[in-house]
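The values are calculated or read from the model by the stated rules, or taken from the named source; none is laboratory data. The shown structure was predicted, so the numbers you read here are calculated from the model rather than taken from an experiment. Using ideal geometry, Cβ is built from the backbone for each residue, glycine included, and neighbour counts are taken over all protein chains shown.
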Amino acid sequence: MNKLNYVILATLLCITAIPFTPTAEIPAEDFTHAVFGEEFTATWCVYCPSAAENLMKIYDDIPDEPYYDDKFFFVALITDVNDKADDRMGDYPDVTGYPTVIFDGNDEKVSGGQSDTANYENAIDNCAQREDTDISLEIEMEHLGADQLGVSLGMTWNEDAPFGDPTFNGYVRAYIVEKVSRYNNYDGDPYHFGFLDYAFEESVELNPHERMELSTVWIGGEHEDKNGNDFSDIEYDNINIFVAFFNDESASSDKYVLQTAFAIPPELEISTQTGLLSGNIQLQGNAVSEKSQIQKVYYSWNQGEWIDTQLEPFNGNFDLEINTEDLVNGEHELSIKVIDDGSSIVKTINLEILNDENPPTLEILSPSEGEIVEGIIVLDIETVDDNSIDDVEFNVNQGSWRKMYSRDNDGYIASWNTQEAGAGNGDHLITFRSSDKSNNVIKKNINITVFNEEDVTYPYLEITKPKEEFYSSRINIEAVASDPEGILAVEFRIDNGTWKELTSGGNDIYEGTWMPTMDGWHWIDIRAEDNQEYVTITGLLFETDSTPPFILLNSNTDDVTANAEFDLSVNDYSSLDTLRYRIDSGPWIELESGQNNVQFWWDSTKYEDGECLMQIECIDKWGGMSTLYRNIDVKNKDLIHSLAPPIIDSKDQIKVSAIIDYPNPESVSVIIAENNEGVLAEGQKILMYEEGNYYYADLYFENEGNYVYSIEVDTGHGKLYSYEQNIVVLSQQEIIQTVEDKQALPYPSLVTIILLISLITIKRRN
């Protein structure tokens with residue numbers, strides 16, 4: 001065979017591998033029924049990821065992609081990890097390779113890897129138009145806690161029975177699947193709707209217009225996969241159930257029956273007021289159902305009776321007003337349950353209820369009624385409440401309220417300068433106010449007489465900003481200062497530093513700002529001086545954390561291979577709330593945030609060779625955020641070196657060799673499959689044996705054809721794969737003809753092989 005013939009053959013193979021089919025034309029509302037797909041696949045299958053990706057494009061609502069709303073569902077039956085999936089594949093004798101997707105119980109079949117959605121769309125459209133039997137299915141799923149699912153199924157044959165055939169005999173399967181599967185495909189990505197087990201798998205007999213019901217409690221810990229791992233770790237939010245009613249046990253072999261229904265847990269987020277609550281409380285939520293609407297919303301207190309909120313069907317935000325007056329004071333558990341067409345979800349929050357109509361008691365200890373006072377005096381009271389005191393304050397002559405401070409369990413004190421502005425000699429009214437957590441208030445007044453021998457008036461001064469709380473950015477400073485003789489200046493200082501002037505903002509308000517240079521606790525003094533040189537000083541303590549966390553990645557990200565270790569240093573004044581990372585635009589992965597030094601492992605075997613972007617995000621408890629970006633260069637395929645053998649005889653046994661540049665792998669295997677016009681048939685996985693620095697596998701080809709193989713390395717924590725290699729198997733006669741052809745394409749010589757080994761040796765030494 002000359003070079004020109006090789007080129008022509010390669011071109012023909014590429015052309016025949018490209019299917020040409022029309023795209024979807026039928027709108028979902030014109031479907032006679034919901035179409036159901038069974039995707040037969042294996043984790044080692046090279047061409048299976050493209051099938052999974054294109055099926056998901058059809059299932060999801062993606063712009064510029066076909067969308068069938070609730071008229072198409074599929075499950076991934078991963079036969080090499082699940083016995084029941086493998087058994088189901090045996091129901092279809094004409095399914096001989098991976099991937100293969102069966103639609104509507106073999107009404108349509110699409111085999112091989114797919115470059116786009118066209119073949120699947122065409123199959124769905126064809127199934128959607130077929131005649132079907134009117135059978136109603138209603139599936140309901142409820143989370144009973146931990147790994148337990150309550151599942152019920154209702155079935156009704158909505159037709160009159162034909163003469164001589166009074167019942168309809170069928171077969172029902174309820175597929176329990178994980179939307180994001182625990183099993184990864186060949187590319188290292190999780191399967192979509194990966195099959196775990198059946199909730200129901202049995203024959204049923206339906207009478208016309210009569211409802212038949214099935215129910216069960218499925219427990220994940222009682223079922224396991226081929227590797228002996230049970231399903232006790234299921235996450236309810238990730239569980240879906242798709243039920244299909246077939247006309248017989250093996251498949252839907254005729255065109256009349258395959259009905260489907262689904263149970264997909266809705267998404268639910270809820271929030272409400274915090275702290276002590278009483279009376280009618282407001283609760284906000286967001287509930288979204290993927291393929292239907294939210295039908296019902298219930299609430300219950302302390303796992304008691306569910307109360308219907310009477311909300312109409314919706315998708316999105318909702319508001320509830322819930323009465324707490326019948327609850328005893330204390331902590332309570334409020335549960336919200338939302339139900340869509342086939343499933344439900346419950347979220348629970350803990351609330352502290354205090355329905356208290358009784359105000360605190362208050363006793364004035366000092367000064368006494370009518371007392372004559374001078375200078376700076378101490379105000380002393382006792383106030384008690386059945387539950388908890390929230391705030392204690394006083395004012396003079398019905399002026400602004402001023403805070404009092406706790407001296408013990410029930411006692412509160414404050415000081416008052418009788419010579420401040422607005423005071424002076426004479427009679428004055430002092431009012432005390434105490435409030436509890438339920439906003440019940442008690443007030444008491446006392447009359448006193450001020451007599452200062454030297455009638456001196458000090459400026460009135462009150463700090464309004466900052467408060468005794470936390471700040472994470474620039475500090476706004478504000479004070480109220482007044483005096484009958486006028487204010488000369490108002491100044492502030494931080495931590496006994498230099499006095500700086502505040503500027504007048506009018507109406508006795510003085511303003512300024514301060515930018516923290518150090519995180520921690522700070523003391524602010526503010527002083528006001530009047531035109532008679534009398535000075536009033538007051539101060540308070542506040543806390544700042546204006547510096548975001550500091551992140552340092554102490555790891556080289558060049559040439560990352562296998563399970564790579566990363567080392568982080570994180571420093572912040574306050575404690576961290578969140579520390580996480582992600583690769584490219586993938587999901588965030590949470591890290592331990594309570595340490596300054598954090599080590600974590602990243603499995604690079606789940607990603608293609610090449611550059612990835614690692615994003616590390618750190619947020620402290622006050623909202624300060626830092627983000628670090630680092631490029632990661634994944635180089636896994638270069639760890640495996642294999643050279644395809646030359647053209648071989650279909651009756652010969654050959655030896656495939658590989659050099660693995662990875663220490664002590666768990667196992668090394670060859671994955672090989674026949675490539676028939678661009679479609680990879682069901683392949684084999686053959687364990688390689690080690691001799692010296694090499695791994696070998698003995699292969700025997702009974703039939704000629706084109707084959708593809710790759711080397712798989714099990715590292716113990718992930719899997720590495722080599723580049724794909726092609727093997728051409730010919731008959732003996734074809735091989736002789738090739739050898740005689742002087743223009744035959746050359747195969748790698750011994751010199752080439754020696755050169756490859758030399759390069760690998762040099763790389764290892766470096």
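Structural remarks
- Of note, W514 satisfies the criterion of being within 30 Å of I619 (Cβ to Cβ), modelled with pLDDT of 90 or more and not assigned by TED's automatic domain parsing to the domain that holds S415.
- Residues of segment 638-672 that are closer than 23 Å to G610 by Cα, crowded, with 17+ Cβ neighbours inside 10 Å and of a type in the set (S, T, Y): S642 alone.
- Subset tally (residues that are buried (at least 17 other Cβ atoms within 10 Å of the Cβ) and farther than 23 Å from Y458 by Cβ) for segment 501-541: 4
- Those residues of segment 448-471 which are assigned to a loop (DSSP other than H, G, I, E, B) and in contact (Cβ under 8 Å) with a residue 24 or more places away in the chain, in sequence order: F451, N452, E453, D455, V456, T457, P459, P466, K467, E468, E469
- Residue selected from segment 489-500 under the condition of a type outside the set (A, V, I, L, M) and surrounded by 16 or more Cβ atoms within 10 Å (Cβ to Cβ), by the criterion farthest from R474 (Cα to Cα): E491
- Scope segment 123-153; condition surrounded by fewer than 19 Cβ atoms within 10 Å (Cβ to Cβ) and either outside the structural domain of T32 (by TED's automatic domain parsing) or among the aliphatic types (A, V, I, L, M) (or both); matching residues: L144, A146
- Cβ-Cβ under 6 Å pairs, at least 6 apart or on other chains, segment 361-389 side within 21 Å of T536 (Cβ to Cβ), far side small (G, A, S): I376/S415; V378/S415; L379/A414
- Residue ranges of strands (runs of 3 or more DSSP E) in segment 331-429 with at least 1 members touching a helix residue (DSSP H, G or I) at 6+ places or on another chain (Cβ under 9 Å) and under 30 Å from N302 (Cα atoms): 344-353
- None of Q310, Q295 is free of Cβ contacts under 8 Å to residues at least 24 places away in the same chain, farther than 17 Å from T348 by Cβ and of a type in the set (S, T, N, Q) except Q310.
- Qualifying residue in segment 20-35 (condition: at pLDDT 75 or above, within 20 Å of K179 (Cβ to Cβ) and touching a His at 6+ places or on another chain (Cβ under 9 Å)): no
- Any chance T79 is without any contact (Cβ under 8 Å) to a residue 60 or more places away in the chain, assigned by TED's automatic domain parsing to the domain that holds I239 and under 31 Å from the mean Cα position of the chain (by Cα): yes
- Breaking point among (1) at pLDDT 90 or above; (2) in a strand (DSSP E or B); (3) not charged (D, E, K, R), for G304: (2)
- Among the residues of segment 515-554, the ones that are hydrophobic (A, V, I, L, M, F, W, C) and more than 30 Å from T578 (Cβ to Cβ) come to 7 in all.
- Selected residue (criterion: surrounded by the fewest Cβ atoms within 10 Å (Cβ to Cβ)) from residues of segment 542-583 that are closer than 30 Å to L461 by Cα and polar (S, T, N, Q): S546
- Neighbours by Cβ (under 6 Å, 6+ apart or cross-chain): first from segment 154-168, surrounded by 13 or more Cβ atoms within 10 Å (Cβ to Cβ); second in a loop (DSSP other than H, G, I, E, B): E159/D134; T167/N207
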